[in-house]
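These notes are about the structure you will find just below.
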Amino acid sequence: TQLLEQSPQFLSIQEGENLTVYCNSSSVFSSLQWYRQEPGEGPVLLVTVVTGGEVKKLKRLTFQFGDARKDSSLHITAAQPGDTGLYLCAGADTGGFKTIFGAGTRLFVKA
Amino acid sequence: GAVVSQHPSRVICKSGTSVKIECRSLDFQATTMFWYRQFPKQSLMLMATSNEGSKATYEQGVEKDKFLINHASLTLSTLTVTSAHPEDSSFYICSAAQGRAFFGQGTRLTVV
């Protein structure tokens, strides 16, 4: 069974601070995704990383895929209250359709 | 991007009754859809894989007789929670794939 360990599970920081969320697995995934979910809604895809060592940037968010394609990180620079939400890492199987989610990181950014 | 729609978005039912949730791929065909359950403040847990024209594949610990899945067409999968109990109250989310997984907006089920 493929499992994704995500940490930390909860993070409360002040506006302007930086943070990093980690996602680790003992399994190799064909790709890893990062989602953001608002209460009462489905998850919304932020980014997909496919190549080992890949780094992608989305404004103040930086995503990295480990060389062995077993781990990933999400770094947010100068966090803002609007970044508050549940961040989920997810791994897709070889076909890329069956998605397994990490436990999630609930981020709260205080103004 | 592709759109996946769930209906209803919210449902309240009495304990012992059955509830059907629909998942539709609006602008593409999906031979495979997935059903997830999410309890408050927890992540999404995969319940089952819905396969068009064949039986669903359930994850370990998920009762197939309680959570009936029917994937009768390439654009529709349904999840029926049978004899619902308060502990079945949860947020149910489906996904369908076209190049990647697209998620529905979720269904909040409350069993009273």
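Bear in mind these aren't lab numbers, they're just calculated from the coordinates by the rules spelled out. Source: prediction; values computed, not measured. So basically every Cβ, Gly included, is an ideal-geometry build from the backbone, and we count neighbours across all protein chains shown.
Of note:
- Computed E for residue B:13/residue A:13 - FRET, C-beta separation, R0 41 angstrom, nearest 0.05: 0.55
- Taking the Cα centre of the protein assembly as shown as reference, the dipole from Cβ charges on Lys and Arg (+1) and Asp and Glu (-1) amounts to some 240 debye.
- Within 10 Å of the Cβ of each residue in A:78-90, the mean number of Cβ atoms contributed by other protein chains is 1.
- Kirkwood-based Rg to Rh ratio, segment B:55-95, C-alpha trace: 0.96
- Average partner coverage of B:91-98, which counts Cβ from other chains inside 10 Å: 3
- Taking every C-alpha pair closer than 8 Å and separated by at least 6 residues, the mean separation divided by the residue count of chain B gives a relative contact order of 37 percent.
- Only aspartates and glutamates eight or more places from residue A:110 in sequence, or on another chain, were considered; those with a Cα closer than 13 Å are A:15, A:17, A:83.
- Residues whose amide H lies under 5 Å from that of residue B:59, counting only those 5 or more places away or on a different chain, are B:48, B:49; hydrogens are built 1.01 Å from N in the peptide plane.
- Rounded to two decimals, the Cα-based Rg/Rh of the protein assembly as shown, with Kirkwood Rh, is 0.98.
- Across segment B:64-111, the relative contact order, built from alpha-carbon pairs under 8 Å that are at least six residues apart, equals 30 percent.
- Among the listed pairs B:20/B:66; B:20/B:64; A:98/B:55; A:59/A:98; B:14/B:66, those beyond 18 Å (Cα-Cα): A:59/A:98
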